[in-house]
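Heads up, the thing below is written out as structure tokens.
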Amino acid sequence: MSLIKSISGIRGTIGGFPGDNLTPVDIVECTAAFGHWILETGKKPSVVIGRDARISGNLVQTLVTQTLVAQGFHVMDLGLSTTPTVEMAVTELNASAGIIITASHNPIQWNALKFLNDKGEFISAEDGKHILDIIARKIYIFQTVENLGSISYPEGTMERHIDRILKLPLVNLDAIQSRKFNIIVDPVNSTGSIALGALLSRLGCTFSMINDDLSGRFAHNPEPLPEHLTQISEMVVSQKADLGITVDPDVDRLAFINEDGSMFGEEYTLVAVADYVLSKKGGNTVSNLSSTRALKDVTEKHGHSYFAAAVGEVNVVSKMKEVNAVIGGEGNGGIILPELHYGRDALVGIALFLSLLAERQQSMTELKNSYPVYEMAKSKIELVPGMNVLELLDKVKTAFKSEKINDIDGVKIDFPSGWVHLRQSNTEPIIRLYAEATSKEEVRRLCSLVENVINNN
């Protein structure tokens, strides 16, 4: 089964049987339930939608749009866009909600609907559960022919998104333009081709793009991990570029490549951007439980406090609001700057990172070497029919009960020398295993300790 209905939306592989995979039937019923939820709140029937460039995008978009029209909605269709652009357009266009059609970092066979509220933020867990209940009970209805909805096609939303980034006091446009960066960009044949080109042109950078044909046929696995980025790494070195930039298909995750072809590390994207923001203004920071300790180190260096949230953008945003954080995000390269909007945004991340690099007059490797050194391992445990995830996690908790345990999201074990975090994915049928320590050897040792418990299940 490759269909996941969760509190944040619906995700699955295209084709197959309804209820097992992401089929037209599943897309229609989930969209209709979301529409019903909006109408229940008493808000006007208006929704912004946008999509990444993956092959199934047009199919899914058509089904979503026409389902909402059948419910009497006015649909504002942005077409090919980015997740942060759609998020910002919800409030800009005074819509009641938004739907982003993207499976983010998942491979080509996947697609998804991500649901936004009237603030352009991911819906809450409570609202997500209610929508799942509407799906289960099939209580949504459709309009008569005289009351069908309509479609419009707003223009310029991405340009206005970039305009707002460039107007941020934190973005040092003069320093970036003076540095005259030479950059290699890999937008993995999706909408980053449009967005990053527009942004870097405005920033006065020289850049060359690879994998930028908008075909949605990803040239490599779209998750921005080192093993998937050999092409851009080689080009950064051969072209003598200052750095490389890569994003996922919907442009909310951001990773950098150093001038020597090595990885800056997506975990350190947020660390560097937070370092820059905190150097300009005081405040707290937030990341999720699976993110590097380096953010805590950098935050405390600036004299402020770090807070951890459960994994998931909605949880990070909630904690950021609670502690009034000035910067936050996730260790997967997701940057959230409240001054712009409460959503992961690779575009603002690029502008802030380049401001930092330009002001400090450092190379990428010099900047990376200025931060605490941690080694992280990320792996997956495939879920098989009959596997009881809760029992498995309880067994891990029991085995390591003498260590510091955090169970707000799966199980995180804090050892004196590092940590291991196990949690069930919201987006794939897997358990994610993340671990971090000050050396690769220690990471392997900690992972082995936990894996031995799991394998003896």
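The table below lists the values:
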{"quantity": "Kirkwood hydrodynamic radius (C-alpha pairs) into Stokes-Einstein, region 375-455, 4 °C and 1.567 mPa s, D in µm²/s", "calculated": "102"}
{"quantity": "The chain: relative contact order in percent, alpha carbon pairs under 8 Å with at least 6 residues between", "calculated": "12"}
{"quantity": "Surface/4 of the Cα convex hull for region 1-57, nm²", "calculated": "4.4"}
{"quantity": "Along principal axes, Cα extents of region 274-421, largest first, whole Å", "calculated": "53, 30, 29"}
{"quantity": "Over 26 Å (Cα to Cα) - which of Lys280/Lys412; Lys296/Lys378; Lys180/Lys378 fall in this group", "calculated": "Lys280/Lys412; Lys180/Lys378"}
{"quantity": "Dipole of the chain, positive end: most advanced residue of Ile431, Thr246, Ile194 [Cβ charges, Cα centre]", "calculated": "Ile431"}
{"quantity": "Mean Cβ neighbour count within 10 Å, used as a protection proxy, ranking 135-145, 414-424 highest first", "calculated": "414-424, 135-145"}
{"quantity": "Mean projection area, nm², convex hull over Cα of region 1-144", "calculated": "7.6"}
{"quantity": "Largest-first ellipsoid semi-axes for region 140-278, taking √(5λ) over the Cα gyration tensor eigenvalues, angstrom", "calculated": "32, 20, 15"}
{"quantity": "Estimated translational D of region 357-400 in µm²/s (Stokes, Kirkwood radius over Cα pairs; 25 °C; 0.890 mPa s)", "calculated": "165"}
{"quantity": "Contour excess over end-to-end distance, with Cα ends at Glu391 and Ala125 and 0.36 nm allotted per residue", "calculated": "93.5 nm"}
{"quantity": "Calculated [θ] (222 nm, deg cm²/dmol) that DSSP helices of n ≥ 4 give over the chain, each run adding -39,500 (n - 2.57)", "calculated": "-11500 deg cm²/dmol"}
{"quantity": "Estimated inter-spin distance, Lys138 and Asn94, nm [label 7 Å along Cα→Cβ]", "calculated": "3.8"}
{"quantity": "For q = 0.07, 0.11, 0.13, 0.19 Å⁻¹, Debye-computed log10 I/I(0) when each Cα of region 160-369 counts as one equal scatterer", "calculated": "-0.18, -0.46, -0.65, -1.44"}
{"quantity": "Length-normalised contact order of region 163-269 in % [C-alpha pairs under 8 Å, at least 6 apart]", "calculated": "27"}
{"quantity": "Lys280-Asp20 FRET efficiency (beta carbon distance; Förster radius 35 Å; 0.05 resolution)", "calculated": "0.10"}
{"quantity": "The chain - convex hull of the alpha-carbon atoms, volume per residue in Å³", "calculated": "136"}
{"quantity": "Extension gain (nm, one decimal) between Asn452 and Ser370, 0.36 nm per residue minus Cα-Cα", "calculated": "26.0 nm"}
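Rule-based calculations on the coordinates, nothing more; no lab input. Here the structure is a predicted model, which is why all the values come from computation and not from measurement. Every residue, glycine as well, gets a Cβ built from its backbone with ideal geometry; the counts of neighbours run over all protein chains shown.
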